[in-house]
1. Does any residue in the range 148-166 that is open to solvent by 20 Å² or more (accessible area, probe 1.4 Å) come within less than 9 Å, Cβ to Cβ, of a residue that is assigned to a helix (DSSP H, G or I) and modelled with pLDDT under 85 six or more places away or on a different chain, and which pairs are these?
2. Please tell me if G60 is loosely packed, with under 12 Cβ neighbours inside 10 Å and without any contact (Cβ under 8 Å) to a residue 40 or more places away in the chain.
3. Would you check which residues across the range 135-147 are surrounded by fewer than 17 Cβ atoms within 10 Å (Cβ to Cβ) and either at pLDDT below 85 or within 16 Å of the chain's Cα centre (by Cα) (or both) and list them?
4. Pull up the range 74-97, narrow it to residues that are of a type in the set (G, A, S) and touching a residue at least 24 places away in the same chain (Cβ under 8 Å), then point me to the one that is surrounded by the fewest Cβ atoms within 10 Å (Cβ to Cβ).
5. In the range 98-118, which residues are loosely packed, with under 12 Cβ neighbours inside 10 Å and assigned to a helix (DSSP H, G or I)?
6. Of these, Y132, Y121, which one is aromatic (F, W, Y), on the phi < 0 side of the Ramachandran plot and surrounded by fewer than 21 Cβ atoms within 10 Å (Cβ to Cβ)?
7. Considering only the range 1-41, how many residues are at pLDDT below 80 and open to solvent by less than 30 Å² (accessible area, probe 1.4 Å)?
8. Kindly indicate whether R164 is over 12 Å from the mean Cα position of the chain (by Cα), at pLDDT below 85, in a helix (DSSP H, G or I) and of a type in the set (K, R).
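The values are calculated or read from the model by the stated rules, or taken from the named source; none is laboratory data. For clarity, every value in this text was computed on a predicted model and none was experimentally measured. Ideal geometry is used to build each Cβ from the backbone, glycine not excepted, and the neighbour counts take in all protein chains shown. These accessible areas exclude ligands, DNA and RNA; they are computed on the full protein's heavy atoms, side chains included. Shrake-Rupley method; radii C 1.70, N 1.55, O 1.52, S 1.80 Å.
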Amino acid sequence: VEEADEHSPQVFYDNVAIPTLKLATEAHATVATAEHRHRLVSGMEQVLAELHEDYPVEQGLLPEVICFGGRWQVDVLSAEMIGHALSLAGHPARIAKRGSVSQAYLASLDLEGASVACLTYFSPDPVTHGRYVIRRLRQRWPELKIVLVLWNVPADAVGDDLARRIGGNAIAALCIDHGGTR
(Lines give C-alpha, C1' and ligand atoms only; values in the text may rest on other atoms or scores of the structure.)
Protein backbone atom coordinates (compact mmCIF):
# COMPACT_ATOMS: atom_id res chain seq x y z
CA VAL A 1 0.00 0.00 0.00
CA GLU A 2 3.04 2.25 0.35
CA GLU A 3 3.20 2.34 -3.46
CA ALA A 4 -0.35 3.75 -3.52
CA ASP A 5 0.50 6.34 -0.85
CA GLU A 6 3.67 7.36 -2.64
CA HIS A 7 2.19 7.44 -6.16
CA SER A 8 -1.46 6.41 -6.63
CA PRO A 9 -3.73 3.38 -6.31
CA GLN A 10 -3.44 2.92 -10.09
CA VAL A 11 0.36 2.62 -9.83
CA PHE A 12 -0.05 0.14 -6.97
CA TYR A 13 -2.47 -1.94 -9.04
CA ASP A 14 -0.12 -1.92 -12.06
CA ASN A 15 3.16 -2.51 -10.24
CA VAL A 16 2.20 -4.66 -7.25
CA ALA A 17 -1.34 -6.04 -7.14
CA ILE A 18 -1.79 -7.36 -10.68
CA PRO A 19 1.71 -8.92 -10.80
CA THR A 20 0.93 -10.60 -7.46
CA LEU A 21 -2.30 -12.04 -8.84
CA LYS A 22 -0.44 -13.19 -11.98
CA LEU A 23 2.13 -15.03 -9.87
CA ALA A 24 -0.64 -16.61 -7.82
CA THR A 25 -2.48 -17.88 -10.87
CA GLU A 26 0.72 -19.27 -12.36
CA ALA A 27 1.39 -21.13 -9.08
CA HIS A 28 -2.23 -22.27 -8.75
CA ALA A 29 -1.77 -25.58 -10.49
CA THR A 30 1.73 -26.32 -9.25
CA VAL A 31 2.78 -25.17 -5.79
CA ALA A 32 -0.05 -23.20 -4.21
CA THR A 33 -2.25 -24.94 -1.69
CA ALA A 34 -5.86 -24.05 -0.93
CA GLU A 35 -4.60 -22.29 2.20
CA HIS A 36 -2.16 -20.17 0.13
CA ARG A 37 -4.92 -19.19 -2.27
CA HIS A 38 -7.29 -18.32 0.59
CA ARG A 39 -4.65 -16.16 2.30
CA LEU A 40 -3.86 -14.37 -0.96
CA VAL A 41 -7.52 -13.59 -1.68
CA SER A 42 -8.27 -12.55 1.92
CA GLY A 43 -5.19 -10.37 2.09
CA MET A 44 -5.87 -8.71 -1.24
CA GLU A 45 -9.51 -8.08 -0.24
CA GLN A 46 -8.26 -6.28 2.90
CA VAL A 47 -5.81 -4.20 0.87
CA LEU A 48 -8.55 -3.24 -1.61
CA ALA A 49 -10.93 -2.30 1.21
CA GLU A 50 -8.23 -0.06 2.67
CA LEU A 51 -7.52 1.55 -0.71
CA HIS A 52 -11.24 2.19 -1.28
CA GLU A 53 -11.40 3.84 2.14
CA ASP A 54 -8.25 5.92 1.65
CA TYR A 55 -9.07 6.84 -1.96
CA PRO A 56 -12.86 7.15 -2.17
CA VAL A 57 -14.68 7.81 -5.41
CA GLU A 58 -17.65 10.09 -5.96
CA GLN A 59 -20.86 8.28 -5.15
CA GLY A 60 -24.25 8.63 -6.81
CA LEU A 61 -23.16 8.75 -10.43
CA LEU A 62 -24.56 6.09 -12.72
CA PRO A 63 -21.65 3.95 -13.76
CA GLU A 64 -20.43 4.08 -17.34
CA VAL A 65 -18.55 0.83 -16.85
CA ILE A 66 -19.53 -2.33 -15.01
CA CYS A 67 -16.56 -4.54 -14.12
CA PHE A 68 -16.76 -8.18 -13.23
CA GLY A 69 -14.51 -11.15 -12.91
CA GLY A 70 -14.95 -13.92 -15.38
CA ARG A 71 -14.41 -16.99 -13.29
CA TRP A 72 -12.11 -17.09 -10.25
CA GLN A 73 -11.75 -14.95 -7.16
CA VAL A 74 -8.60 -13.39 -8.62
CA ASP A 75 -10.67 -12.31 -11.64
CA VAL A 76 -13.09 -10.55 -9.28
CA LEU A 77 -10.20 -8.87 -7.45
CA SER A 78 -8.79 -7.54 -10.72
CA ALA A 79 -12.26 -6.31 -11.73
CA GLU A 80 -12.44 -4.38 -8.45
CA MET A 81 -9.05 -2.83 -9.16
CA ILE A 82 -10.07 -1.82 -12.67
CA GLY A 83 -13.35 -0.34 -11.46
CA HIS A 84 -11.61 1.66 -8.73
CA ALA A 85 -8.89 2.91 -11.08
CA LEU A 86 -11.42 3.94 -13.73
CA SER A 87 -13.54 5.79 -11.16
CA LEU A 88 -10.51 7.61 -9.78
CA ALA A 89 -9.69 8.64 -13.37
CA GLY A 90 -13.15 10.18 -13.79
CA HIS A 91 -14.94 7.30 -15.51
CA PRO A 92 -17.68 6.14 -13.14
CA ALA A 93 -17.40 2.39 -12.75
CA ARG A 94 -18.59 -0.22 -10.33
CA ILE A 95 -17.99 -3.84 -9.66
CA ALA A 96 -20.89 -6.12 -10.43
CA LYS A 97 -22.06 -8.24 -7.56
CA ARG A 98 -19.66 -10.89 -6.38
CA GLY A 99 -20.34 -14.44 -7.34
CA SER A 100 -19.66 -17.22 -9.74
CA VAL A 101 -20.54 -16.12 -13.27
CA SER A 102 -23.36 -18.46 -14.22
CA GLN A 103 -26.64 -18.15 -16.06
CA ALA A 104 -28.43 -17.19 -12.82
CA TYR A 105 -25.72 -14.65 -11.96
CA LEU A 106 -25.97 -13.03 -15.40
CA ALA A 107 -29.78 -13.00 -15.26
CA SER A 108 -29.65 -11.08 -11.98
CA LEU A 109 -27.19 -8.40 -13.11
CA ASP A 110 -28.30 -4.79 -13.11
CA LEU A 111 -26.41 -2.91 -15.82
CA GLU A 112 -28.65 0.15 -15.89
CA GLY A 113 -26.81 3.15 -17.25
CA ALA A 114 -23.69 1.24 -18.22
CA SER A 115 -22.41 1.49 -21.77
CA VAL A 116 -19.38 -0.76 -21.23
CA ALA A 117 -18.85 -4.07 -19.48
CA CYS A 118 -15.32 -4.99 -18.50
CA LEU A 119 -14.86 -8.75 -18.14
CA THR A 120 -11.55 -9.90 -16.64
CA TYR A 121 -9.81 -13.27 -16.88
CA PHE A 122 -6.55 -14.63 -15.52
CA SER A 123 -7.14 -17.89 -17.37
CA PRO A 124 -4.66 -18.50 -20.20
CA ASP A 125 -7.57 -19.79 -22.30
CA PRO A 126 -10.72 -17.74 -21.68
CA VAL A 127 -12.34 -18.37 -25.07
CA THR A 128 -15.03 -20.92 -24.15
CA HIS A 129 -16.14 -19.35 -20.89
CA GLY A 130 -15.83 -15.81 -22.27
CA ARG A 131 -17.93 -16.67 -25.31
CA TYR A 132 -20.65 -18.12 -23.01
CA VAL A 133 -20.70 -15.02 -20.77
CA ILE A 134 -20.70 -12.56 -23.66
CA ARG A 135 -23.47 -14.41 -25.46
CA ARG A 136 -25.66 -14.12 -22.33
CA LEU A 137 -24.80 -10.44 -21.90
CA ARG A 138 -25.66 -9.67 -25.52
CA GLN A 139 -29.06 -11.37 -25.15
CA ARG A 140 -30.08 -8.84 -22.51
CA TRP A 141 -28.01 -5.81 -23.51
CA PRO A 142 -27.30 -5.97 -27.26
CA GLU A 143 -25.84 -2.42 -27.37
CA LEU A 144 -23.39 -3.01 -24.53
CA LYS A 145 -19.71 -2.64 -25.47
CA ILE A 146 -17.70 -5.48 -23.96
CA VAL A 147 -14.01 -5.19 -23.21
CA LEU A 148 -12.14 -8.34 -22.25
CA VAL A 149 -9.15 -7.84 -19.98
CA LEU A 150 -6.92 -10.88 -20.35
CA TRP A 151 -4.00 -11.14 -17.96
CA ASN A 152 -2.38 -14.50 -18.80
CA VAL A 153 -2.96 -15.24 -22.45
CA PRO A 154 -0.03 -16.44 -24.56
CA ALA A 155 1.32 -13.64 -26.76
CA ASP A 156 0.72 -15.63 -29.94
CA ALA A 157 -2.97 -16.05 -29.05
CA VAL A 158 -3.72 -12.32 -29.08
CA GLY A 159 -4.67 -10.98 -32.46
CA ASP A 160 -7.41 -9.06 -34.16
CA ASP A 161 -9.67 -12.07 -34.37
CA LEU A 162 -9.51 -13.08 -30.66
CA ALA A 163 -12.09 -10.46 -29.61
CA ARG A 164 -14.29 -11.53 -32.53
CA ARG A 165 -13.96 -15.23 -31.64
CA ILE A 166 -14.93 -14.58 -28.04
CA GLY A 167 -17.57 -12.01 -29.00
CA GLY A 168 -16.17 -8.90 -27.34
CA ASN A 169 -15.68 -5.47 -28.84
CA ALA A 170 -12.09 -5.07 -27.66
CA ILE A 171 -9.31 -6.80 -25.77
CA ALA A 172 -6.79 -5.42 -23.36
CA ALA A 173 -4.12 -8.05 -22.70
CA LEU A 174 -0.97 -8.48 -20.71
CA CYS A 175 0.60 -11.30 -22.66
CA ILE A 176 2.99 -14.00 -21.62
CA ASP A 177 5.80 -14.87 -24.00
CA HIS A 178 9.03 -16.76 -23.53
CA GLY A 179 10.90 -13.58 -22.69
CA GLY A 180 8.48 -12.38 -19.99
CA THR A 181 5.43 -10.18 -20.44
CA ARG A 182 4.52 -7.65 -23.05
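1. Pairs that qualify, where the first residue is open to solvent by 20 Å² or more (accessible area, probe 1.4 Å) and the partner is assigned to a helix (DSSP H, G or I) and modelled with pLDDT under 85, are W151/T25.
2. Details: loosely packed, with under 12 Cβ neighbours inside 10 Å: yes; without any contact (Cβ under 8 Å) to a residue 40 or more places away in the chain: yes.
Considered against the rule, which asks whether it is loosely packed, with under 12 Cβ neighbours inside 10 Å and without any contact (Cβ under 8 Å) to a residue 40 or more places away in the chain, G60 comes out as yes.
3. K145
4. Initial filter on the range 74-97 (of a type in the set (G, A, S)): 78-79, 83, 85, 87, 89-90, 93, 96.
If we keep only those that are touching a residue at least 24 places away in the same chain (Cβ under 8 Å) too, we end up with 78-79, 83, 85, 87, 89, 93, 96.
Numbers: S78: 27, A79: 25, G83: 25, A85: 22, S87: 23, A89: 11, A93: 24, A96: 24.
Residue satisfying both the conditions and the ranking: A89.
5. Here is the first cut: in the range 98-118, the ones loosely packed, with under 12 Cβ neighbours inside 10 Å are 100, 103-104, 107-108, 110, 112.
Within the range 98-118, Q103, A104, A107 qualify.
6. Details: Y121 fails: surrounded by fewer than 21 Cβ atoms within 10 Å (Cβ to Cβ).
Only one candidate qualifies: Y132.
7. Adding up the residues that qualify gives 3.
8. Details: over 12 Å from the mean Cα position of the chain (by Cα): yes; at pLDDT below 85: yes; in a helix (DSSP H, G or I): yes; of a type in the set (K, R): yes.
In short, yes.
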